[in-house]
Amino acid sequence: MNHAYSYKNRQNNEFEYQRLSQYHIKLATIMRNHNQFKACLILCEWALASMIKALYIHKYHSAHPPKELTMNEILPLVHTDTEPGLDIALFIGTMQHMSSFEERQVDQYLDLDNIEKLLQRTEDILEELATRLNDNSSKFF
């Protein structure tokens, strides 16, 4: 019974992180539409972090992922036999780095065109990772 409860908790937490990721990306789009580029960038990074935590829960059967994940932890989560995942891991690392910049440092890199590209790439990655997560989850049933 404890194992079933644990599995149910992991499944719920995995779903909640995936849902949180979708929520963050919707907010990022709203912030972009209001020219709040720094907020958009941070929300994109949060969306990616939430999805990575969902993958962590799924892969390691852990109900509670670490608060912060390193590149050494992220790479195996996004790597598959058919997709090396290095580009995704590097993009996530870049977003982590950029979102930690001071406002004035970020402003020199962020204009609408760059934000559009970052937002689109974030959405593409989230969709790919969600598909992987959902495909892997269906294998258990």
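Positive contributions from Lys and Arg (+1) and negative ones from Asp and Glu (-1), summed over other residues with Cβ under 12 Å from the Cβ of A89, come out at -3.
Using a/c under 1.5 as the rounded threshold, could you call segment 38-117 rounded, prolate or oblate? The axes a ≥ b ≥ c are square roots of the C-alpha gyration tensor eigenvalues, and prolate needs a/b larger than b/c, oblate otherwise. Prolate, since a/c reaches 1.5 and a/b exceeds b/c. The simple spin-label model puts a point 7 Å past each Cα toward its Cβ; for N33 and L112 those points are separated by 1.5 nm. Report note on the peptides 51-60, 68-77: ranked by the mean count of other C-beta atoms within 10 Å, highest first, their order is 51-60, 68-77.
Every number in this text was worked out from the coordinates using simple rules, so none of it is lab data. Computed from a predicted structure; not experimentally measured. Counting neighbours? That spans all protein chains shown, and the Cβs are built from the backbone with ideal geometry, glycine included.
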